[in-house]
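The values are calculated or read from the model by the stated rules, or taken from the named source; none is laboratory data. Predicted model, so just to flag it, every value in this text is computed and none were measured. No Cβ is skipped: glycine too gets one built from the backbone with ideal geometry, and neighbour counts run over all protein chains shown.
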Amino acid sequence: MHTVWARANAVFAFSVSVTASVAFACFLTTHVLDNTRPATIGVDKAIVKNLKDFYVDQKKDLGIVHFSLKANLTDVFNWNCKQLFLYLMAEYETPDNKVNQVVLWDKIIRRGENAVLNLRKQSTKYYFFDDGSNLRGREVKLSLHWNVIPNTGYMWMVKPQSHHSFIIPEKYAIRKQ
Amino acid sequence: MLSMDVFGELRRMNKRQVYFQFLNFAMIVASALMMWKGMMVVTGSESPIVVVLSGSMEPAFYRGDLLFLTNYQQDKIEAGEIVVFKIDGRDIPIVHRVIKLHENEDGKVKFLTKGDNNEVDDRGLYKPGQLWVERNHVVGRARGFVPYIGMITILMNDYPQVKYAILGLLGVFVLIHRE
């Protein structure tokens, strides 16, 4: 341990070992935590229209939904959770497709930001296009999921504790002249 | 400091020791390969570890972060999951989130992806005429995450001289060093 190189090598090796151990400890201590929380979803408005989707020439059903959302996710954050990616997912079944899952809205909450959600009459971020024209009269299940992004470790896809179902109207919305 | 010791050692080595050094080197390479192939089998993915190359998933993943993937066929992909997929004819894997998923009665699934940090979905990235990503395009699902480590790979790709220099140095040290 008498040359600069030997000392630099020792310091470097030690810092790498310490960093790796701390990262592993972060992962181990937060791996088994329960990340589920209750969320309340409501639907304020739901109508359906039949319009041309952007990239295809066919007309498809477009659902227009305004929703409300209440949830408190403050205690999901810990030393290993750097971000939560929330997404509101609509699930339904049609004669053409037995599984349909569409993300209508998403939000990123970073550690330190306000994690209390209280949205009302919120419009969706993404277009609720069906793969076809089968939305009328369909029962749609809305649920709030979130993805726990850690500093190091496993990325949990947290399942919702409850969901909210609503029925899309039987008829297309009429354009007011 | 280095040169005098190293060449002195080299001259003192006989044929057997030289073969031994080469065998040592081959063992290290073979073990590394075994670990990589073993991971491929356990996770079911052709590429169980990927480095994030772009900033399209910020602030979750930055350039240089490492992702651990699994690709179990029996686990269905759901909307909201982060998948790594390849477009036909392009080598670079894309790490984005599934925002829409449709599965018909025959079990055929198609999905639409979007990067968290992008304004629009990925249809501009797909092949011309391709509107959806299918299961066979998917290399795996991101399950684990380690920050920063992949920067070495990006450095070596952007500056190939660094790659050759490191490999050259490593080769010299392993062959010359007695222990």
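Things to note:
- Only a single criterion out of (1) touching a Ser or Thr at 6+ places or on another chain (Cβ under 8 Å); (2) within 12 Å of another protein chain (Cβ to nearest Cβ) is not satisfied by A:K59, namely (2).
- Restricted to segment A:53-70, and to residues there that are over 19 Å from A:W105 (Cβ atoms) and at pLDDT 85 or above, the residue that is farthest from the chain's Cα centre (by Cα) is A:K59.
- Matching entry among B:S47, B:S56 (being over 17 Å from B:T153 (Cα atoms) and surrounded by 11 or more Cβ atoms within 10 Å (Cβ to Cβ)): B:S56
- Hey, B:V120 free of Cβ contacts under 8 Å to residues at least 40 places away in the same chain and part of a loop (DSSP other than H, G, I, E, B) or not: yes
- Only one of the numbered conditions (1) acidic (D, E); (2) in a strand (DSSP E or B); (3) surrounded by fewer than 18 Cβ atoms within 10 Å (Cβ to Cβ) is violated by A:E91, and that is (3).
- Pairs with Cβ under 6 Å, 6+ apart, first in segment A:30-41 and at pLDDT 85 or above, second surrounded by 13 or more Cβ atoms within 10 Å (Cβ to Cβ) and among the charged types (D, E, K, R): A:T40/A:K70
- Test for A:F54: is it over 23 Å from B:P59 (Cα atoms) and touching a helix residue (DSSP H, G or I) at 6+ places or on another chain (Cβ under 9 Å): yes
- Going through (1) more than 10 Å from chain A (Cβ to nearest Cβ); (2) hydroxyl-bearing (S, T, Y); (3) over 21 Å from A:V102 (Cβ atoms) one by one, B:Y148 falls short only on (1).
- The single condition among (1) closer than 22 Å to A:T152 by Cα; (2) in contact with a strand residue (DSSP E or B) (Cβ under 9 Å, 6 or more places away or on another chain) that B:L155 does not satisfy is (2).
- Screening segment B:113-130 for residues that are within 10 Å of chain A (Cβ to nearest Cβ) and touching a Leu at 6+ places or on another chain (Cβ under 8 Å) and picking the one that is surrounded by the most Cβ atoms within 10 Å (Cβ to Cβ) gives B:D121.
- Output for segment A:120-153, where each listed residue is in contact (Cβ under 8 Å) with a residue 60 or more places away in the chain, assigned to a loop (DSSP other than H, G, I, E, B), of a type outside the set (D, E) and out of contact with any Leu (no Cβ under 7 Å at 6 or more places or on another chain): A:G132, A:S133, A:N134, A:L135, A:R136, A:N151, A:T152
- Exclusive hit being over 19 Å from the mean Cα position of the chain (by Cα) and buried (at least 16 other Cβ atoms within 10 Å of the Cβ), set B:E78, B:E105: B:E78
- Residue within segment A:71-84 that is outside any loop (DSSP other than H, G, I, E, B), within 14 Å of chain B (Cβ to nearest Cβ), in contact with a Phe, Trp or Tyr (Cβ under 9 Å, 6 or more places away or on another chain) and within 20 Å of B:E103 (Cα to Cα) present: no
- So A:T36, is it away from every other protein chain (no Cβ under 14 Å), within 22 Å of A:Y154 (Cβ to Cβ) and not charged (D, E, K, R): yes
- Considering segment B:44-107, the qualifying strands (runs of 3 or more DSSP E), each wholly inside and each with 3 or more residues that are within 14 Å of another protein chain (Cβ to nearest Cβ) and at pLDDT 90 or above, run over B:66-70, B:82-85, B:94-104.
- For the criterion of being farther than 12 Å from B:I77 by Cβ, touching a residue at least 60 places away in the same chain (Cβ under 8 Å) and at the interface with chain A (Cβ under 9 Å from one of its Cβ atoms), B:R143 passes.
- If you check A:P95, A:P160 for being over 16 Å from the mean Cα position of the chain (by Cα) and either within 14 Å of chain B (Cβ to nearest Cβ) or acidic (D, E) (or both), only one passes: A:P95.
- Scan of segment A:96-111 for residues that are at pLDDT 90 or above and outside any strand (DSSP E or B), ordered by number: A:R111
- Number of positions in segment A:33-47 that are farther than 16 Å from A:L86 by Cβ and not in a strand (DSSP E or B): 2
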